[in-house]
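Here the structure is laid out as structure tokens; the discussion comes afterwards.
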Amino acid sequence: MKQDKERTTVIFRKFRQGDVIALFPMINADDKPGHFLSYQHTGQHGAASEALLQGYTIPAREQEYRGLKAELENIGYNLDIKKRVNRYWWNK
């Protein structure tokens, strides 16, 4: 698959039971403020919110998100991996 030319900001987080989620904080998921795009192996693309970050997930380590990162790159994402959220992403 052809890779995007522009880089996409992504943050990898992990639910406490172990599933990893990729968050795209600069891509709006819908018309609701603070909702951004996410991606998981199961379910694939969907909406997420800041509350998900705070209450239900912890930062994922590289060895934990390696498979999800490869999956995203296989479907064409050119990833710019960030470790932290910048709140201004949701206040635009």
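Readers should treat all values here as calculations from the given coordinates under stated rules, not as data from a laboratory. None of these values were measured; they are calculated from a predicted model. As a convention, Cβ positions derive from the backbone with ideal geometry for all residues, glycine included, and neighbour counts pool all protein chains shown.
In a DSSP loop and with at most 16 other Cβ atoms within 10 Å, the trypsin sites (Lys or Arg not before Pro) in the range 1-81 are Lys2, Lys5, Arg7, Arg16, Arg61.
Bridging of Lys69 to aspartates and glutamates at a Cα separation below 14 Å is possible for Asp19, Asp80, once same-chain residues fewer than 8 apart are set aside. Remark: Asp19, Asp31, Asp80 ranked as Asp31, Asp80, Asp19, counting other beta-carbon atoms within 10 Å and listing the fewest first.
For the chain, what does the equivalent ellipsoid look like in terms of its semi-axes, each the square root of 5 times an eigenvalue of the Cα gyration tensor, given largest first in whole Å? Let's see the in-between values first.
Values: eigenvalues 70, 57, 28 Å².
Listed largest to smallest, the semi-axes of the chain are 19, 17, 12 Å.
The residue list Ile11, Asn74, Leu37 was ranked by how far each Cα lies along the charge dipole of the chain toward its positive end, using unit charges on Cβ atoms, and Ile11 comes out on top.
Our coupling estimate for the range 17-24, obtained by passing each phi through the Karplus curve with A = 6.51, B = -1.76, C = 1.60 and θ = phi - 60°, is 7, x, 5, 9, 10, 9, 10, 10 Hz, Gly and Pro reported as x. Across the chain, Cα pairs under 8 Å and at least six residues apart give a relative contact order of 39 percent. Between the amide H of Thr9 and those of Asp80, distances stay under 5 Å, these residues lying 5 or more places away or on another chain, with hydrogens modeled in the peptide plane.
Cross-link partners for Lys32 among the aspartates and glutamates, with Cα-Cα distance under 14 Å and sequence neighbours closer than 8 places in the same chain left out: Glu50.
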